[in-house]
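Down below is the structure, laid out as structure tokens.
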Amino acid sequence: MYLSEDFYDRWQHIIDGIDKTNVPVECIDRIVIKLHGSYGFKQKTINIGNLKFNGLEPEEIEAVITRALNDLQDDIKKVDFFLDLEAVADIIQPETEHFLKNL
């Protein structure tokens, strides 16, 4: 489904204002784990988009995320979720249109 750049800009503005603490794995593009530095690096990125592209199922991706968070738990300073804007729009836009047509 192709959506205009303006459409994505509007959704990006909406999504930026949401506290992303409980996000379905299908809507995540990547996770950046900021660390205190005892591993010799300051962050680890889990590219969820690549895992989805390579055919991993949501349960398998959740296992990858859980394993990484457990392995790094003592050194985690912050975890940032970066959303897959296209996936979010594909889920929300049809529902929004359905809701608005009844107004």
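Where a number appears in this text, it was derived from the coordinates with a stated rule and is not lab data. Everything quoted here is computed from the prediction, not taken from an experiment. Don't worry about glycine lacking a Cβ; one is built from the backbone with ideal geometry, like all the others, and counts go over all protein chains shown.
Quick notes on this one:
- Those aspartates and glutamates that a straight Cα-Cα span of less than 19 Å connects to Lys78, excepting residues fewer than 8 apart in one chain: Asp16, Asp19, Asp29, Glu62
- Label-to-label distance, nm, for residues given as Asn70 and Asp6 (7 Å Cα→Cβ offset): 4.9
- Within region 49-93, backbone nitrogen closer than 13 Å to the virtual label 7 Å beyond the Cα of Arg30 toward Cβ: 49-51, 80-84
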